[in-house]
């Protein structure tokens, strides 16, 4: 019987090169994307899972969220009328945002994979600890 890991994602863990403070919000982002950056970046920094190499992926995530929010704002302004072409764009942006969110531990399931990253320092209380 063969063993495969298809569909099983590795556990997220702190990175040795993790950023210790949030980089500035990229100026080219939309207002909605900037708001999402400011919302998620403290979480990513605290979990020590984001590095400089990951910033392009985070930019893509917040850009998709910005697109979703802009389309929804425009739809509401137009009296709730749904534009079929914009719905397709919104749908693809939502799918991409969901996939990227899972990569960075921004969904309940992916946060559960991270687990408790705080070192367990109760060895002194454990008589079986060596």
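The values are calculated or read from the model by the stated rules, or taken from the named source; none is laboratory data. The shown structure was predicted, so the numbers you read here are calculated from the model rather than taken from an experiment. Cβ placement follows ideal geometry from the backbone for every residue including glycine, while neighbour counts extend to all protein chains displayed.
Which of the numbered conditions does residue 73 fail, given that it passes all the others? Conditions: (1) crowded, with 17+ Cβ neighbours inside 10 Å; (2) farther than 18 Å from residue 96 by Cβ.
(1)
Could you count how many residues in segment 48-70 are within 13 Å of residue 104 (Cβ to Cβ) and crowded, with 19+ Cβ neighbours inside 10 Å?
Going through segment 48-70 one residue at a time, the tally reaches 7.
Of the numbered conditions (1) out of contact with any helix residue (DSSP H, G or I) (no Cβ under 6 Å at 6 or more places or on another chain); (2) at pLDDT 90 or above; (3) assigned to a helix (DSSP H, G or I), residue 23 satisfies every one except a single condition; which is it?
The single condition residue 23 does not satisfy is (3).
Please verify whether residue 57 is in contact (Cβ under 8 Å) with a residue 40 or more places away in the chain and under 27 Å from residue 113 (Cβ atoms), treating the condition exactly as stated.
Against the criterion (in contact (Cβ under 8 Å) with a residue 40 or more places away in the chain and under 27 Å from residue 113 (Cβ atoms)), residue 57 qualifies.
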